[in-house]
Amino acid sequence: SRDYSAPVNFISAGLKKSAAEDMSEEDSDEDEKPVKQEEIPKEFVPKKLKTGGNFKPSQKGFVGGTKSFVDFGSWERHTKGIGQKLLQKMGYVPGRGLGKNAQGIINPIEAKQRKGKGAVGAYGSERTSQSLQDFPVVDSEEEAEEEFQKELSQWRKDPNGGKKKPKYSYKTVEELKAKGRINKKLSAPQKELSQVKVIDMTGREQKVYYSYSQISHKHNIPDDSPQQLLGKDSKPQGFALPELEHNLQLLIDITEQEIIQNDRQLQYERDMVVNLTHEIQKMSEVLSHEETAISNLSKVLEMVEECERRMQPSCENPLTLDECAKIFETLQDKYYEEYRMSDRVDLAVAIVYPLMKDYFKNWDPLKDCTYGTEIIAKWKSLLENDQLLSHSGQDLSTDAFHRLMWEIWMPYVRNIVAQWQPRNCGSMVDFLDSWVNVVPVWILDNILDQLIFPKLQKEVESWNPLTDTVPIHSWIHPWLPLMQARLEPLYSPIRNKLANALQKWHPSDSSAKLILQPWKDVFTPGSWEAFMVKNIVPKLGMCLNELIINPHQQHMDAFYWVIDWEGMISVSSLVGLLEKHFFPKWLQVLCSWLSNSPNYEEITKWYLGWKSMFSDQVLAHPSIKDKFNEALDIMNRAVSSSVGGYMQPGARENIAYLTHTERRKDFQYEAMQERREAENMAQRGIGMAASSVPMNFKDLIQTKAEEHNIVFMPVIGKRHEGKQLYTFGRIVIYIDRGVVFVQGEKTWVPTSLQSLIDMAK
C-alpha cells in the first residue's frame, strides 16, 4: 500500500517560457550545489511531530531554508537582475523595512507545519508569530478553536511520561444565557450551514459528517494508526474515547439547552406579565367608560319614561310643549353623546308630535303670523341634524325637525293657502317673511313653487288691465323679495295684456304711465325698452306731429305729454322723436321768423324758452346740441346778412353774446360730467373697471350700444340659418363667429362695429 503520511508535492503551473530561458535555468541549476542536511543549523532543523511522522523539506522547495535566512539577497547572484542596487539607489538601507517609513517586512514568509492531513484552516490559524506581528488580526473563531484544543488536550497523556493535570473550564449561567440570546439571533442561512451534510475523503475511509463543527472535532483527535498511537518506546501516547466524549458533550449540551430554554421561558413570562398589566389598565378604563355610559343611559331612560307617563290622559300633571323642550335641552346639555347616538326621530315622533299637534290645532296663520315661531326655533336647535342634507335630497327618516315641520306644520299652511286670495297678498307675505328663518329651505321652496306660484299664475291669466281697478303691481311686487326669479314666467303675459290695453291709448291719458312705471325696474332692460319702442314711442311720435309751433300763440300740451315720458323711455328714443318730429318744424319756424325783420330780443327769449323745456340729460346729447347750435348759426347768419336793411340796435351784439354764452355753458357742462365720471371710476376702483370688460363679441356690441344709446335686443322667434336675429337701433343684424352681418336689400352683408354704429345713428 502507498504511504499516505508523506507530504504531497504540488506542481506549480507558472508561465510558459522559451527554450533559451529553459537552457539558462538548467545551467544555473547545475552550478548551484545542493545543501546537505548536516550543514543546516540545528535551530532550522524541523522538529518531529507528536503524531510520530517526520517532515523532510526539499532542498529547492523549502521556503524557510538556510539560504533564505543566512544571507538575505544572496539569491541575486544567480540572476541577471540589479534589484539590490536599484533599492539602494532609491534610499533603501539594508537591515530596515521597505517603504517610505520602513513599515514593510524584509523577512520571507515563514511556513507552518500542519498536524494532520486536513485542509487549510482545519487545525486553526496558520499564521506565524512574524506574520501576526506584521499583520495583526483579531479572530474570535481562532480563539474559540484554540480553547477547544486546550480542552481536548486534557484527556491526553504528557509525551514525556508525566501525568498531566486536567484543566477544567467553567461557564456561568449568565454566560449560557448570553450565548442563548446570541444564538437566537442567528439568521436562516447560518442555521442551514450548521446542518449541511459533509463527506470527508481525506482519510483512508470515506466518512460522513452532518456539520462543519464535527470535522474540526475529528481533526483535533490524532489518527488511530498504530504508528501514531505508539512512539519509539512503544508507549501509548493517547487514546480516543469518542463514545464517552459524545455522551459527556451530549449531557453538557442538554444542560445548556435547558438553562437557555428556561431563561427564554422566564423572559417570555415577564413580557406576558407586562402585557397583561397593560391590558388590565385598558380594560379598567373601558369598564369605567361603560359604567358611565350605562349610568347616563339609565338617567336618560328615566327622563323619557317620565315624559311618557305624563303624556297619558289619566295623568294629573300633563306634559306641555315648553316643559318637553326643557327636558330635551337637559338631554342635549348633560347627556350630549347619548342624545346624539339615540334615535331622535322615533323619540320626537313618540313625544313631541302629539304635543305639537295640540299646540297648533286652533292656529290661523293669516291672522297671527308669528304664532309659534319662537317655540319652533327652539325645537329646530334641538332636533335638526348638525349636517343638513341638500334641498333636493331631503330624507325625512333621518331628520326629526324636518319631519316635524312637514307632517305637523305643513298641513296648516296647505289649508290656509287653498283658501287664500292672491290679490290679498299682504297677510300671506307677512306670514312667510316671519317664518323664512325657521322653516327648512326645501319646505319654503315647496310652498312658493307648488302653492303660491300656481295661484298667482291663475290670477294673472284672469286679470284685465282695462276693467280691473286694482293695479297688478300692487299684488305681484310684494312677492319679489321672496320669489325673485320665480316670477319671470308671469312677466310675458303681463306685457302682452298691457300692450293690448295700449292699442287705443293716447298720450293725454296719464293713467298708462302710472300703471307702467312700477314695472320699469322689474322687467329686464332689454324687454322694457322693446315694450316702450313698440307700444309708447309711436304714440308719442304721433303726438309731436300734431304739435303746432306758433311763436305768437303757442299751445304746449302735446309737448308736455311727450316730455313727461322722459324717465320712462330711453334718452336715445326721446332724442329720435325730437329729431324726427320736433326740430324740423322748429327750425323752419325760426327761419321764417328771421326772414321778416323780427325782434331779435323776442327771438332770443323764444330760443332760451324752448331750450329750458329740456332736461340737462337731453341737452347733453350730441344730436340735441347740434340742433340748438344750428339754430344759433341760423341767427348769426341772419344778423350778418342784413347789411343794407333795417337792423334792430344791439341785435348783432345780443346774438353774439347769446352764442358765446350757450357755447360756454355746453363746455362747462361737459367738463363737469367728465369730472363726475372720473370720481365715480375712482370710487369703484380698478376691479369694477376690469369686471366690466366684455367677455365675448355680443357683450362688446351690448356695451357699445349702451354707450351710444342704441337699442340692442333679440327679435323674438326670428332666426337666420339658425342664428338669433337682433335689432341694433333700426337695423336688423345677426352674429356668426365674431362677425356682424347686416341685412341688405337682397343678402346679408358683413360690416365692422364702427360702421354698424354709424348706420344705427
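Here residue 468 passes the criteria (1) at pLDDT 90 or above; (2) under 22 Å from residue 428 (Cβ atoms); (3) charged (D, E, K, R) except the one numbered (1). In the stretch 570-598, which residue that is part of a loop (DSSP other than H, G, I, E, B) and surrounded by fewer than 18 Cβ atoms within 10 Å (Cβ to Cβ) is modelled with the lowest pLDDT? Among those that are part of a loop (DSSP other than H, G, I, E, B) and surrounded by fewer than 18 Cβ atoms within 10 Å (Cβ to Cβ), it is 597. Working carefully through the options 430, 346, find the one that is surrounded by fewer than 18 Cβ atoms within 10 Å (Cβ to Cβ), modelled with pLDDT of 90 or more and in a helix (DSSP H, G or I). Every option except 430 fails the conditions. Could you go through the stretch 560-569 and let me know if any residue there is of a type in the set (D, E, K, R) and either open to solvent by 60 Å² or more (accessible area, probe 1.4 Å) or in a loop (DSSP other than H, G, I, E, B) (or both). Within the stretch 560-569 (the criterion being of a type in the set (D, E, K, R) and either open to solvent by 60 Å² or more (accessible area, probe 1.4 Å) or in a loop (DSSP other than H, G, I, E, B) (or both)), the answer is yes, since at least one residue qualifies. Within the stretch 599-625, being under 17 Å from residue 554 (Cβ atoms) and open to solvent by less than 20 Å² (accessible area, probe 1.4 Å) holds for 603, 607, 610, 614. Any chance the stretch 480-502 includes a residue that's outside any helix (DSSP H, G or I) and either in contact (Cβ under 8 Å) with a residue 12 or more places away in the chain or surrounded by 12 or more Cβ atoms within 10 Å (Cβ to Cβ) (or both)? Looking through the stretch 480-502, at least one residue is outside any helix (DSSP H, G or I) and either in contact (Cβ under 8 Å) with a residue 12 or more places away in the chain or surrounded by 12 or more Cβ atoms within 10 Å (Cβ to Cβ) (or both). Applying the condition of being within 35 Å of the chain's Cα centre (by Cα) and assigned to a helix (DSSP H, G or I) to the stretch 433-443 and asking which residue is surrounded by the fewest Cβ atoms within 10 Å (Cβ to Cβ) yields 441.
Entry remark, the stretch 422-469: residues being closer than 16 Å to residue 480 by Cβ and aromatic (Phe, Trp, Tyr) number 1 in total. With respect to the stated conditions, residue 513 fails to be open to solvent by 70 Å² or more (accessible area, probe 1.4 Å) and part of a helix (DSSP H, G or I).
Residue-level analysis places residue 424 outside the set of residues that are under 19 Å from residue 356 (Cα atoms), open to solvent by 70 Å² or more (accessible area, probe 1.4 Å), of a type outside the set (Ser, Thr, Tyr) and modelled with pLDDT of 80 or more.
Here residue 726 does not fit the description of being touching a Lys or Arg at 6+ places or on another chain (Cβ under 7 Å), at pLDDT 70 or above, open to solvent by less than 60 Å² (accessible area, probe 1.4 Å) and not assigned by the TED database to the domain that holds residue 570. Scoring residue 631 on the criteria (1) open to solvent by less than 20 Å² (accessible area, probe 1.4 Å); (2) modelled with pLDDT of 90 or more; (3) over 60 Å from the mean Cα position of the chain (by Cα) leaves a single failure, condition (2).
Only one entry in 761, 746 is free of Cβ contacts under 8 Å to residues at least 12 places away in the same chain, open to solvent by 40 Å² or more (accessible area, probe 1.4 Å) and over 49 Å from the mean Cα position of the chain (by Cα), namely 746.
The values are calculated or read from the model by the stated rules, or taken from the named source; none is laboratory data. All figures in this text were calculated on a predicted structure; none of them were measured in a lab. Cβ atoms come from the backbone with ideal geometry, glycine included; neighbour counts cover every protein chain shown. Just so you know, the surface numbers come from the protein's heavy atoms only, side chains and all, with ligands and any DNA or RNA stripped out. Shrake-Rupley method; radii C 1.70, N 1.55, O 1.52, S 1.80 Å.
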